[in-house]
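One structure is given here, and the rest of the page talks about it.
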There are 2 protein chains.
Amino acid sequence: MGVVLYGFWRSLATYRVRVALNLKKISYEERSIDIVRGQQFDELFSQINPQHVLPVLIHDGKRITQSLAILEYINDIWPDPPLIPMHAVERAAVRALSLITIADTHPLIVPRTRKYIGENHERGEDSQLIWARHWLDLGSEAIEDYLTGADSSADLYACGNAITIADIALASHVVGVELFGADLSIAPTLKKITDRCFLNPAFSGAHPLKQSGAPCQPQ
Amino acid sequence: MGVVLYGFWRSLATYRVRVALNLKKISYEERSIDIVRGQQFDELFSQINPQHVLPVLIHDGKRITQSLAILEYINDIWPDPPLIPMHAVERAAVRALSLITIADTHPLIVPRTRKYIGENHERGEDSQLIWARHWLDLGSEAIEDYLTGADSSADLYACGNAITIADIALASHVVGVELFGADLSIAPTLKKITDRCFLNPAFSGAHPLKQSGAPCQPQ
C-alpha cells in the first residue's frame, strides 16, 4: 500500500501535510473525512483515529497523527530536500515559529472549538467569526514580531533561504487568515514570505480551495 | 552566563521545561514573570520575548521559545539521557502524544484564552472554569484513547519503558487537571503512567505548587 492521507479539503492541518508530501515529491492518495458533517465520528474513521481528528498519515502500515509530528516524520523518512535545518538553534527557531500557529493559534479556530463557542455563547454564528479573527490576528502579530525580531533569520523564507516546516506552518496560517477574512495587513513580512511560498506548486496545489469538495468561494 | 529560564510558577509550559532540565541534570536559574499580573507586557520582558509568552530558555546567548521547541532543543544539545527515541515511528508517536496536550489542549486554557472567555461571555469567572475543564477532559479522553489504542507502546511510561518528552507533556496535562479540578478518573492509564512520573524527583521538584510564588492551595 502506498502513502494514504486522511484529510479534508479545508483542514489547515491537512494542508500542511499535503505541502510537505509535495515538496518531497511523494505520491499519495487523499481520503476525505468531512469534519463539518461529523464523519470523524463514524465507525470507519473512529477505528483509524480514535481521537477523531485529522490528518492521519498511513505509511508502511503505521498510522501517524498530529500535523507537526507528521511533518517531522516525513522529514525523518524522506530526508531530501531537508525541511528542518541541522543546527540546534536553527531547528529550535523553525519549530518555535511553527508552534506559534500549530499550537498557539490553530487549535483555537478548529471546528470543535468554534462549535463550542457558537453553541455556548449568545452571539451564535457571529461569535465564531469574531473569535476566529481575534486569534488569527494575535497569531499574525506574534509571527510578524518573530520574523522581524533581533534573532530572526528570515530572508527569502521564514528561516533563511531554504523552505522549512516553518514556511509550511506560516502558509497554513495565512490560508486560515484568508478563509476567515482576518487581517493580513498587520503582518507584511509574513505576507511577503508566504506570497513567495504560494508561487511554489507544492504549496499552491495543496490549497484548500483546489481540493475535491471545496466550494468555488471561500467559506 | 549559565542557563536561564524565564517562567512562572503555575505555567504548565514552564513546568515541562523544568522537568526536562532536571532529567538532563542541567542547572539553571529561573526568573519569574508574573503572567497573571501582566508582567509579560513590561518593557523588560517584551525585549526578551516580543510575543509576551512563557517560557523562554536562554542558553549560549540564544533565546529559545515555545515549550516543545525548547524540549527538542534541550534534547539536541544535551543528548543524555535521550528523551526522544531514534526510530522514526517511535519519534512520531512521542511527538503526537505530546501535541495532544501541547497543541490541542493547553493553548485553550492559558490565561490569555480564559481571560477572553471571561470578559466576552455572560458567565464571567464561572465560564472560565467550565471552559478549562471541558477542554482538559477532552484532552484526557484523547490521551487515554491513544495510550490504550492498537498502536500504543505504553508500558511503564507513555512510549515504552524509558521517559520521553511525551511523559513530560502528559505530566503537565495532569498538573493542569489538578489545578483546574477537572476529572482524571476518565483516564486511568494516563493516571497510572503520570503517577509513576511524579515519583521521580525531576518531575516532583518541578511541580508548580513547589515553586517560589506559589500559594499553599491550588488556584
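The values are calculated or read from the model by the stated rules, or taken from the named source; none is laboratory data. None of these values were measured; they are calculated from a predicted model. Ideal geometry is used to build each Cβ from the backbone, glycine not excepted, and the neighbour counts take in all protein chains shown.
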**OP:** Could you please let me know if B:A206 is within 26 Å of B:R114 (Cα to Cα) and in contact with a Cys (Cβ under 7 Å, 6 or more places away or on another chain)?
**Re:** no
**OP:** Examine the range A:16-31 for a residue that is buried (at least 23 other Cβ atoms within 10 Å of the Cβ) and not aliphatic (A, V, I, L, M), and state whether such a residue exists.
**Re:** yes
Original post:
Looking at the range B:60-89, which of the residues that are more than 9 Å from chain A (Cβ to nearest Cβ) and crowded, with 22+ Cβ neighbours inside 10 Å is nearest to the chain's Cα centre (by Cα)?
Top reply: B:L71
Original post:
So which residues in the range A:181-208 are under 14 Å from the mean Cα position of the chain (by Cα) and assigned to a helix (DSSP H, G or I)?
Top reply: A:T194, A:C197, A:F198, A:A202, A:F203, A:S204, A:P208
Subject >> Looking only at the range B:42-59, and only at residues there that are without any contact (Cβ under 8 Å) to a residue 24 or more places away in the chain and either surrounded by fewer than 20 Cβ atoms within 10 Å (Cβ to Cβ) or farther than 27 Å from B:N22 by Cα (or both), the one that is nearest to the other protein chains (Cβ to nearest Cβ) >> reply: B:P50
Original post:
If you go through the range A:68-83 one residue at a time, do you hit one that is under 26 Å from A:L184 (Cβ atoms) and polar (S, T, N, Q)?
Top reply: no
Subject >> B:S127, sole failed condition from (1) touching a residue at least 24 places away in the same chain (Cβ under 8 Å); (2) surrounded by fewer than 19 Cβ atoms within 10 Å (Cβ to Cβ); (3) over 20 Å from A:Q51 (Cα atoms); (4) within 13 Å of another protein chain (Cβ to nearest Cβ) >> reply: (1)
Original post:
Given the conditions (1) surrounded by fewer than 24 Cβ atoms within 10 Å (Cβ to Cβ); (2) acidic (D, E); (3) within 9 Å of chain A (Cβ to nearest Cβ); (4) in contact with a helix residue (DSSP H, G or I) (Cβ under 8 Å, 6 or more places away or on another chain), which single one is not true for B:D145?
Top reply: (4)
**OP:** Scan the range A:90-115 and report the pairs whose first residue is more than 15 Å from A:E72 (Cβ to Cβ) and facing chain B (nearest Cβ under 8 Å) and whose second residue is crowded, with 23+ Cβ neighbours inside 10 Å and of a type in the set (V, I, T), with Cβ atoms within less than 7 Å and a gap of 6+ or a chain change.
**Re:** A:I100/A:I143
Original post:
Can you tell me which residues in the range A:103-124 are farther than 16 Å from A:S172 by Cα, surrounded by 15 or more Cβ atoms within 10 Å (Cβ to Cβ) and small (G, A, S)?
Top reply: A:G118
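Residues that are over 24 Å from B:L138 (Cα atoms) and touching a Phe, Trp or Tyr at 6+ places or on another chain (Cβ under 8 Å): does the range A:77-85 have at least one? Walk me through it before giving the result.
Narrowing the range A:77-85 to residues over 24 Å from B:L138 (Cα atoms): A:77-85.
From the residues that got through so far, the ones that are touching a Phe, Trp or Tyr at 6+ places or on another chain (Cβ under 8 Å) too are none.
No, the range A:77-85 contains no residue that is over 24 Å from B:L138 (Cα atoms) and touching a Phe, Trp or Tyr at 6+ places or on another chain (Cβ under 8 Å).
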Original post:
Do any residues in the range A:198-209 that are free of Cβ contacts under 8 Å to residues at least 40 places away in the same chain have Cβ atoms under 9 Å from those of residues that are of a type in the set (G, A, S), where the two are at least six apart or on different chains, and which pairs are they?
Top reply: A:F198/A:A171; A:F198/A:S204
Original post:
Out of (1) surrounded by 12 or more Cβ atoms within 10 Å (Cβ to Cβ); (2) of a type in the set (A, V, I, L, M, F, W, C); (3) over 18 Å from A:W131 (Cβ atoms), the odd one out for A:L199 is which?
Top reply: (1)
Subject >> Flag if B:L190 is crowded, with 16+ Cβ neighbours inside 10 Å and more than 11 Å from chain A (Cβ to nearest Cβ) >> reply: yes
Original post:
Pick from A:L138, A:L83, A:L97: which is at pLDDT 95 or above, in a loop (DSSP other than H, G, I, E, B) and of a type outside the set (F, W, Y)?
Top reply: A:L83
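Yes or no: A:D151 of a type in the set (D, E) and at the interface with chain B (Cβ under 9 Å from one of its Cβ atoms)? Spell out how you get there, then give the answer.
Working: of a type in the set (D, E): yes; at the interface with chain B (Cβ under 9 Å from one of its Cβ atoms): yes.
In short, yes.
Can you tell me which residue is surrounded by the most Cβ atoms within 10 Å (Cβ to Cβ) among those in the range B:172-184 that are at negative phi and touching a Lys or Arg at 6+ places or on another chain (Cβ under 8 Å)?
Let us first name the residues in the range B:172-184 that are at negative phi, namely B:172-180, B:182-184.
Those left that are additionally touching a Lys or Arg at 6+ places or on another chain (Cβ under 8 Å): B:172, B:174, B:179-180, B:182-184.
Numbers: B:S172: 29, B:V174: 24, B:L179: 17, B:F180: 19, B:A182: 23, B:D183: 12, B:L184: 18.
Looking at the filtered set, the residue picked out is B:S172.
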